[in-house]
Structures are given as structure tokens and as C-alpha cells.
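Undergrad: Dropping a structure here in C-alpha cells format, bear with me for questions.
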Amino acid sequence: MAVTVKIPAPLRSLTQNQAEVTVENAATVQAAVDELSRRFPGLKERLLDDKGALRRYVNIFRNEEDIRHGKSLQTALSDGDKLTIVPAIAGG
């Protein structure tokens, strides 16, 4: 089972400048984040707080669905799903 994760430009320095990364065998968003964290040190701290919850300024979408409107990090993944990481950007 493969899931594609779209990496936003501000985090690409942590993923060897890759805009997309494939994660294998991730049944949930949490499992995908854990795998990304193993492969790319420093990424987890940018996505999760010290309690392991998704940071307030980070949004993750499974396909077109915001995971916060469902089971958050426990959202189930299927083969071919796309995760998109979207950090909130302050404007001014």
C-alpha cells in the first residue's frame, strides 16, 4: 500500500528538497507521519507538538478532506491516497 505525501516548500529542506514522498504500509495518518519522521529527522517536530498532537498551524488533508474534521491523526489511509501538508502562513 503506497500513499503519496505532498511536502510544502518550507519543509522541503528536511526532505532532501523532494516535493512528494511515497510512504509504504501506513494504515493511518499517524503511521505516515511516523515513517516520514524516521526517514527525515526534524520533520516530526515541525508537524507535531510535544504531546504528539498535530500543531495548530499545520493542516493535513487526506485527498481533499481535512483530517481535523474526522479522526485527525487516526484517519485511515488506503492505497493511492494523497496526503497534503499545509502549514498556515501568517499574512500581514
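The values are calculated or read from the model by the stated rules, or taken from the named source; none is laboratory data. All values reported here derive from a predicted model rather than from experimental measurement. So basically every Cβ, Gly included, is an ideal-geometry build from the backbone, and we count neighbours across all protein chains shown. Quick note on the areas: whole protein, heavy atoms, side chains included, nothing else; ligands and nucleic acids left out. Shrake-Rupley method; radii C 1.70, N 1.55, O 1.52, S 1.80 Å.
Undergrad: In whole percent, and with a 1.4 Å probe on the protein chains, what portion of the accessible area of the range 2-87 is carbon and sulfur? Walk me through the intermediate numbers first.
TA: Working: 2230 of 4840 Å².
Here it works out to 46 percent.
Undergrad: Whole number in Å², please: accessible area per residue of the chain, 1.4 Å probe, ligands, DNA and RNA not counted.
TA: On the way: 5410 Å² over 92 residues.
Solvent-accessible surface per residue comes out at 59 Å².
Undergrad: Using just the alpha carbons, could you tell me how many Å³ per residue the convex hull of the chain encloses? Display every interim value, and only then the final one.
TA: Details: hull volume 9.2 nm³, N = 92.
Dividing the Cα hull volume of the chain by its residue count gives 100 Å³.
Undergrad: Anyone know which of ALA31, ALA76, ALA53 comes out most mobile in the 10 Å Cα GNM of the chain?
TA: ALA53
Undergrad: Quick check for me: using +1 on Lys/Arg Cβ and -1 on Asp/Glu Cβ, what's the dipole size of the chain about its Cα centre, in debye to the nearest 20? Could you put the intermediate results ahead of the total?
TA: Numbers: 13 positive and 12 negative charges, 58 e Å.
Roughly 280 debye, rounded to the nearest 20.
Undergrad: What is the sum of charges around MET1, taking Lys and Arg as +1, Asp and Glu as -1, for the other residues whose C-beta is under 11 Å from the C-beta of MET1? Write down the numbers at each step before the final one.
TA: On the way: positive: none; negative: GLU24, ASP79, ASP81.
Residues close to MET1 contribute a combined charge of -3.
Undergrad: Taking Cα centroids, how far is the range 19-46 from the range 71-88 in Å?
TA: Measuring centre to centre over Cα atoms gives 11 Å.
Undergrad: Measuring from the lowest to the highest alpha carbon on each principal axis, how far does the range 2-52 reach, largest first, in angstroms?
TA: Cα extents, longest axis first: 28, 25, 15 Å.
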